[in-house]
1. Among Lys47, Lys54, which is the only one that is surrounded by 11 or more Cβ atoms within 10 Å (Cβ to Cβ), assigned to a helix (DSSP H, G or I) and modelled with pLDDT under 95?
2. Quick test of your reading of the structure: Tyr110 fulfils all but one of (1) touching an Asp or Glu at 6+ places or on another chain (Cβ under 6 Å); (2) open to solvent by less than 60 Å² (accessible area, probe 1.4 Å); (3) hydroxyl-bearing (Ser, Thr, Tyr). Name the failing condition by number.
3. Quick check: is even one residue across region 99-109 touching a helix residue (DSSP H, G or I) at 6+ places or on another chain (Cβ under 9 Å) and closer than 19 Å to Asn126 by Cα?
4. Looking at (1) without any contact (Cβ under 8 Å) to a residue 24 or more places away in the chain; (2) buried (at least 16 other Cβ atoms within 10 Å of the Cβ); (3) not aliphatic (A, V, I, L, M), can you tell me which one Arg68 breaks?
Amino acid sequence: MMMTKKLFFLLLVGMFFSTISAQAQWRNKYKCHNFYGNGVTEYIISKSAKNNSKVAEYWYYTSRNAKRIKLVVLSTKEVISGMEGTTIVKVRFPNGKTIYTLEFVPGGLYCLAPNGKKQAYTYIPN
C-alpha cells in the first residue's frame, strides 16, 4: 500500500510540473496576404520558451519561400494603455541593416517599415 501512495504522489508531482512547463511557453503565428499585390502571403512566428517577450524569438517566411528566417531582435518594450498592452519589438534580418518595428496588439501585429509603410498581420489560431 505504501508503494501505491508513493507512486500516486510522484504521478501528481509529475503532472504538476508538466502543466507548469506547458504554460511557461508560447508560440503565435501571424499572416499578411497580398500586401504588395503579388499574391504572396507573409508569416511571422513569435515564440518563447520562458513566457517572456523580452527573450522571445521571431521568425519570418513566405508562401513562396518556406525557409524560416530568424530575425535579429534589437530591442523589446512593453507599453500598457488601460487594460491592454502592446509589445514593441525592433528587428532586422540577418546581415541586413534595415530596422523594422513589430507592434503586437490584441488579435494581430503591425510591421512598420522605415519607409513609413504599415503592414497588418492577423493572428492565426493554432
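1. Working: Lys47 fails: assigned to a helix (DSSP H, G or I).
Selected residue: Lys54, the only one of Lys47, Lys54 that is surrounded by 11 or more Cβ atoms within 10 Å (Cβ to Cβ), assigned to a helix (DSSP H, G or I) and modelled with pLDDT under 95.
2. Result: Tyr110 fails condition (2) only.
3. First, pick out the residues of region 99-109 that are touching a helix residue (DSSP H, G or I) at 6+ places or on another chain (Cβ under 9 Å): 104.
This time we only want the ones that are closer than 19 Å to Asn126 by Cα, so: 104.
Among the residues of region 99-109, at least one is touching a helix residue (DSSP H, G or I) at 6+ places or on another chain (Cβ under 9 Å) and closer than 19 Å to Asn126 by Cα, which makes the answer yes.
4. (2)
The values are calculated or read from the model by the stated rules, or taken from the named source; none is laboratory data. Everything numeric here is computed off the predicted structure, so don't read it as measured data. Reconstructed Cβ throughout: ideal geometry from the backbone, glycine too, with neighbour counts over all protein chains shown. Please note that ligands, DNA and RNA were not included when accessible areas were found on the heavy atoms of the full protein model with its side chains. Shrake-Rupley method; radii C 1.70, N 1.55, O 1.52, S 1.80 Å.
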